[in-house]
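To start, the structure itself, in structure tokens.
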Amino acid sequence: MTSPQAHAADAAPSLTRRLVTHARTKASSGDDLALAALFVLDAVANTLGGRNSEAGRLLLRWAGNGPLAPASPAETGTSAFLMGGLTHILETDDLHRASVVHPGCVVVPAAWAMALRTGASGAEFLRAVLEGFEVTTRVGMGVGPAHYRIWHNTATCGPYGSAMAAATLLGLDEDQSVHALGNAGSQSAGLWEFLETGAMTKHLHAGHAAQAGVQAADLAALGFTGPPRILEGDKGFFAAACPDGDAELVMSGLEGPWQLALTSMKPWPSCRHTHPAIDAALDLSATLKHVSPDEIHAVKVETYQAAEDVCDRAHATSEYEAKFSLQHCVATALENGEVTLASFSDEARVKAQRLASGIEIAVVDPYASAYPADWGSAVEVTLTDGAVHRAERSHAKGDPEAPLLPPDVVRKAVDLMEFGGVASAEELAEAILALPLSDRLPELPIFG
């Protein structure tokens, strides 16, 4: 029960309480649950695919392959951590543009682990996913660009969403849920410094964010209290880490669709900031398919500031660095007419390096001023004969304006699961897509 002192301090509804109330009372339809099932499929496929990586194998070794059906709170947190880390490894998990948060790698693992433990129905599980996406992205919408230059939004905003999903599946009341989000938010962390060396830290960001929310919800169920004004308090999240943040944006546009419906799915396995340029470059590759590399005089990529900050990397020395290189992604798209998991290998980087090393990156309008509402880019190729070929994108394939259709999502999921060593990937995909109609969450072999 909430103490009288704690309730008095929260007499004027805190931002956290308002956010919990919004997520809990927002109406959801069958179509909303069906769309949530597609995002679950995408996340779980990324989990399975992530096992086939150096970082994934290390996480699995650490966790002893993880519990399939966690029976205790401690096991639930570990399961969410492992699944979250694995889901974020291949850089093919979803992205919400307005918040610059990858919600699926945090919310789905937390909801999945908790639903397995509590025996939730498919509909209950998917409702929790909707609420978790809503909360984590709404917090991210307010943090501001200065936060993102140092802090990884998925890591810092993720615990709020995982806590919301876990609290819903545990049946926590409003006060308990506020405590859960308060304690989860106090664990917000995750710095971009890993990019300097290509370290594996980014995967811990997703895992920790998923685990922190699960543990905070489980503790709240026992009466463990948390700060109700964790977001807007004088010593809260926005004051500490968001110098140009706007907390009012957290509760903006409440009558619109679920934020899950405004989330993008990735068709290509690289940082989402590279995707508008990849989309444009693939368009040009069809036009230039008979042009030899020697006939390309110059390539220019026009984009927005965050894309340059994170992905201006002319010389990618590892597979992971290449996923965060606009130059490599555009070069391989132009030269090969496709971007796949194999496009970032040692051989692929060597092949693309000549063209990549000369690509110019420029931050210009309309892309600079449109961000983060729209993530756009243009690619301009000048040939040695003076001919100029240009393609522009105000958004990329996979965005809500150009969504991946259900068959596209299934094909992507099958490819990822087969990459991860799942023999019956199509059956697993079909099982997850059937979630809205199932009585129980299917216990699929995520880790074993």
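Residue count for the range 205-231 under the criterion of being surrounded by fewer than 22 Cβ atoms within 10 Å (Cβ to Cβ) and either outside any loop (DSSP other than H, G, I, E, B) or within 24 Å of the chain's Cα centre (by Cα) (or both): the result is 2. Candidates in the range 262-296 are the residues that are part of a helix (DSSP H, G or I), β-branched (Val, Ile, Thr) and more than 16 Å from residue 372 (Cβ to Cβ); of these, the one that is most open to solvent (accessible area, probe 1.4 Å) is 287.
Entry remark, the range 326-342: residues being under 22 Å from residue 415 (Cα atoms) and more than 21 Å from the chain's Cα centre (by Cα) number 6 in total. Residue pairs whose Cβ atoms lie under 7 Å apart, sitting 6 or more positions apart in sequence or on different chains, and linking a residue in the range 266-287 that is under 14 Å from residue 392 (Cα atoms) to a partner that is among the aromatic types (Phe, Trp, Tyr) and part of a loop (DSSP other than H, G, I, E, B), are 275/268; 276/375; 278/268.
For the range 24-44, the tally of residues that are out of contact with any Phe, Trp or Tyr (no Cβ under 9 Å at 6 or more places or on another chain) and open to solvent by less than 10 Å² (accessible area, probe 1.4 Å) stands at 3. Among all positions in the range 387-394, there is at least one residue which is modelled with pLDDT of 95 or more, hydrophobic (A, V, I, L, M, F, W, C) and open to solvent by less than 60 Å² (accessible area, probe 1.4 Å). Scanning the range 124-149 for residues that are open to solvent by 10 Å² or more (accessible area, probe 1.4 Å) and under 17 Å from residue 38 (Cβ atoms) gives a single hit, 127.
For the range 66-123, which positions are of a type in the set (A, V, I, L, M), in contact with a helix residue (DSSP H, G or I) (Cβ under 7 Å, 6 or more places away or on another chain) and open to solvent by 20 Å² or more (accessible area, probe 1.4 Å)? Selection gives 69, 71, 98, 123.
Of the listed requirements (1) closer than 23 Å to residue 394 by Cα; (2) in a helix (DSSP H, G or I); (3) open to solvent by 40 Å² or more (accessible area, probe 1.4 Å), residue 327 misses just one: (3). For the range 284-314, the set of residues classified as under 19 Å from residue 349 (Cα atoms) and under 21 Å from the mean Cα position of the chain (by Cα) consists of 310, 311, 312, listed by residue number.
Within the range 1-23, restricting attention to residues that are of a type in the set (D, E, K, R) and modelled with pLDDT of 90 or more, which residue is surrounded by the fewest Cβ atoms within 10 Å (Cβ to Cβ)?
18
The criterion of being buried (at least 20 other Cβ atoms within 10 Å of the Cβ) and modelled with pLDDT under 95 holds for residue 410.
Do the conditions hold for residue 352, that is, is it without any contact (Cβ under 8 Å) to a residue 40 or more places away in the chain, closer than 19 Å to residue 91 by Cβ and open to solvent by 50 Å² or more (accessible area, probe 1.4 Å)? The answer is no for residue 352.
The values are calculated or read from the model by the stated rules, or taken from the named source; none is laboratory data. Here the structure is a predicted model, which is why all the values come from computation and not from measurement. Note that each Cβ is placed from the backbone with ideal geometry, even for glycine, and that neighbours are counted across all protein chains shown. The area values use the complete protein model at the heavy-atom level, side chains included, leaving out ligands, DNA and RNA. Shrake-Rupley method; radii C 1.70, N 1.55, O 1.52, S 1.80 Å.
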